[in-house]
Amino acid sequence: MSNMLDRFRAAQAGSIALLRRQAEEGQLPTPWNFSEINARPGFAAALRTAGAPAVIAEYKRASPSRGVINLDLTPADAARMYADGGAACFSVLTERAHFQGDLRFLAEMAFADRPMLRKDFLLDPLQVVETAATPASALLLIMRMFKGSGPVREMLDACRQYELEAVCEVFDEADLDLAREAGAEIIQVNNRDLDRLTTDLGTSRRLAPRKQAGELWISASGLDAPEQLEEMADLGFDAVLIGTSLMSQTNPGEALRRLSAVAKTRNAR
């Protein structure tokens, strides 16, 4: 595991300890109260319906690689802009220590009626329960943070129990093998080197030929140009996740609209 992931793991200790105390006391949060008409929206289904490359627009206030990105854009404003700009889904950073995120952001963005991915460094099945108490449709599982397929399978089983989808993030071939062994259905290829904090789309290019029938693939990190989105779709990626390049713009919605035009043009052919 990289030093950066070690830091992310350590930052989870307090919240996991709190959830365990709540479990012992019978005080775990209850699942989000969706109406019968408004059930938890499908994350993978929304991406497939949008057509490649579907765009997952991320609300990301800060990061270890960039420091503060944008603290002025509220979750509600981002949701409104992203929905207007053509986002198929949202990704929402909820990690506090390194990304200035908050679990409450999910509820504050739910009005836009887009499936949401909780992006955090989740390790314990109780964090799946915690996620189910929000309007998120999916959560992120980083393969490199787990030792063997057993713990990953336990997280995937918890996701199914609470009707959440799991986005299994990989950085290399070994991560991909682990995800498949555990039964992953959604694969996210991260183009970022977590030690150097640099991005290289070569990671997506290298892993793309290993995509298997039935899997949904997402390319994440380092994407900021229409031609890059076109390339990822040509490689077989169903979707792309874009955060920093959108959040860095004066008008993230307009920036997203320009990128989303790639998918519309491609699917109109």
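The values are calculated or read from the model by the stated rules, or taken from the named source; none is laboratory data. Not measured: the values here are computed from a predicted model. A quick note on method: Cβ atoms are made from the backbone with ideal geometry, for glycine too, and the neighbour counts reach across all protein chains shown.
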Looking only at segment 174-200, count how many residues are in a helix (DSSP H, G or I) and among the acidic types (Asp, Glu). 3
For segment 1-112, which fully contained helices (runs of 4 or more DSSP H) count at least 1 residues that are of a type in the set (Lys, Arg) and farther than 23 Å from Thr199 by Cα? 13-24, 43-50, 75-85, 104-109
So Glu154, is it in contact with a strand residue (DSSP E or B) (Cβ under 8 Å, 6 or more places away or on another chain) and either surrounded by fewer than 20 Cβ atoms within 10 Å (Cβ to Cβ) or among the hydroxyl-bearing types (Ser, Thr, Tyr) (or both): no
Please work out which one of (1) farther than 27 Å from Leu176 by Cβ; (2) modelled with pLDDT of 95 or more; (3) aliphatic (A, V, I, L, M); (4) touching a helix residue (DSSP H, G or I) at 6+ places or on another chain (Cβ under 7 Å) is the condition Ala107 fails and give its number. (4)
Given the conditions (1) part of a helix (DSSP H, G or I); (2) within 22 Å of Phe90 (Cα to Cα), every one holds for Asp224 apart from (1)
Determine whether segment 63-86 contains at least one residue that is within 17 Å of Ser245 (Cα to Cα), buried (at least 24 other Cβ atoms within 10 Å of the Cβ) and in contact (Cβ under 8 Å) with a residue 60 or more places away in the chain. yes
Restricting to segment 158-179, give me the number of residues that are closer than 21 Å to Ala239 by Cα and surrounded by fewer than 17 Cβ atoms within 10 Å (Cβ to Cβ). 3
Checking Ala261 against (1) on the phi < 0 side of the Ramachandran plot; (2) part of a loop (DSSP other than H, G, I, E, B); (3) not charged (D, E, K, R), the condition it does not meet: (2)
Going by the conditions given, is Arg210 of a type in the set (Lys, Arg), closer than 23 Å to Ala57 by Cβ and in contact (Cβ under 8 Å) with a residue 12 or more places away in the chain? no
Just checking, does segment 177-199 include any residue being over 26 Å from Pro125 (Cα atoms), under 19 Å from the mean Cα position of the chain (by Cα) and modelled with pLDDT of 95 or more? yes
Taking segment 130-171 and keeping residues on the phi < 0 side of the Ramachandran plot, assigned to a loop (DSSP other than H, G, I, E, B) and not polar (S, T, N, Q) leaves Ala133, Pro135, Ala136, Phe146, Lys147, Tyr162, Leu164, Phe171
